[in-house]
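Notes for the one structure printed next.
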Amino acid sequence: MVELRKPALYTTTSGAERPDLARLIGGECLRCGFVFFPFQRLGCEVCGAHDEELSTAILSGRGTLVSCTTVHHHSTQTGLIATSPMPTPFAVATVQLDEGPSVRALLSFGDESTLRPGEPLQAVLAEVPPAVAASTGELDVRFEPLRQVGITPNHVGADTDTNEAPPSWYNL
Ligand SMILES: [Zn+2]
């Protein structure tokens, strides 16, 4: 039994050849076509449509690197709330998804030095470090260079993108 850390945000490619790849659970506005992440029914950021005019959309998990940085020292305090220490180093990236939305998420490895902006990335499911996992074998999304995942880019992105994404991102 696969235990996903945030099952409302992503899913496995069950039945597919690559169960290690993650699909993100986004949404699409049925009125104007705007694609967003994560899914919500409160309202389309572009046209204001809401409720039944918003539908879930399973996003490919592919995108391109906008920026990233490696964290070498991580505070265990966020304000007054103690948090579990994330083992360092780890790398945080802003990723522009092929379908339009941007997310901020962890890379699958702790050193971004081999990456450049524009690098094609894929969301994969990786085991959460035991120090921060809620249960053994828990899986969470990490982004990995497409060239390391072993699948061929299909260029769904920038050249076919008609999405006018607002300048914001979601912290995955
Ligand atoms: Zn809309």
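Values for this structure:
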{"item": "Sequence of Phe37, Phe90 once ranked by neighbouring C-beta atoms within 10 Å, starting from the fewest", "result": "Phe90, Phe37"}
{"item": "Karplus (6.51, -1.76, 1.60) ³J(HN,Hα), θ = phi - 60°, over region 120-134, in Hz, Gly and Pro reported as x", "result": "x, 10, 9, 6, 10, 9, 10, 5, 6, x, x, 5, 10, 6, 7"}
{"item": "Label-point separation, His73 to Thr114 (7 Å along Cα→Cβ), nm", "result": "2.8 nm"}
{"item": "Cβ-based exposure ranking for Asp140, Asp20, in which fewest neighbours within 10 Å come first", "result": "Asp20, Asp140"}
{"item": "HN-Hα J in Hz across region 146-151 - Karplus 6.51, -1.76, 1.60, θ = phi - 60°, x for Gly and Pro", "result": "4, 5, 8, 6, x, 10"}
{"item": "Cα centroid separation, region 101-139 to region 1-44 (Å)", "result": "16 Å"}
{"item": "Difference of contour (0.36 nm per residue) and Cα-Cα distance, Cys32 to Ser55", "result": "7.1 nm"}
{"item": "Förster radius 22 Å - calculated FRET efficiency between Asn171 and Ser135, Cβ distance, rounded to 0.05", "result": "0.50"}
{"item": "Calculated from backbone phi, Karplus (6.51, -1.76, 1.60) coupling profile of region 22-37 in Hz, x at Gly/Pro", "result": "9, 10, 8, 8, x, x, 9, 7, 6, 8, 10, x, 5, 9, 9, 8"}
{"item": "Residue-span extension gain [Thr13 to Val46] - 0.36 nm each, minus C-alpha spacing", "result": "8.9 nm"}
{"item": "R0 of 22 Å, Cβ-Cβ distance Lys6-Thr152: FRET efficiency to nearest 0.05", "result": "0.20"}
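Read-outs throughout are calculated quantities, based only on the coordinates presented, and are distinct from any laboratory measurement. Computed from a predicted structure; not experimentally measured. In this analysis, Cβ positions are derived from the backbone assuming ideal geometry, glycine residues included, and neighbour counts consider all displayed protein chains.
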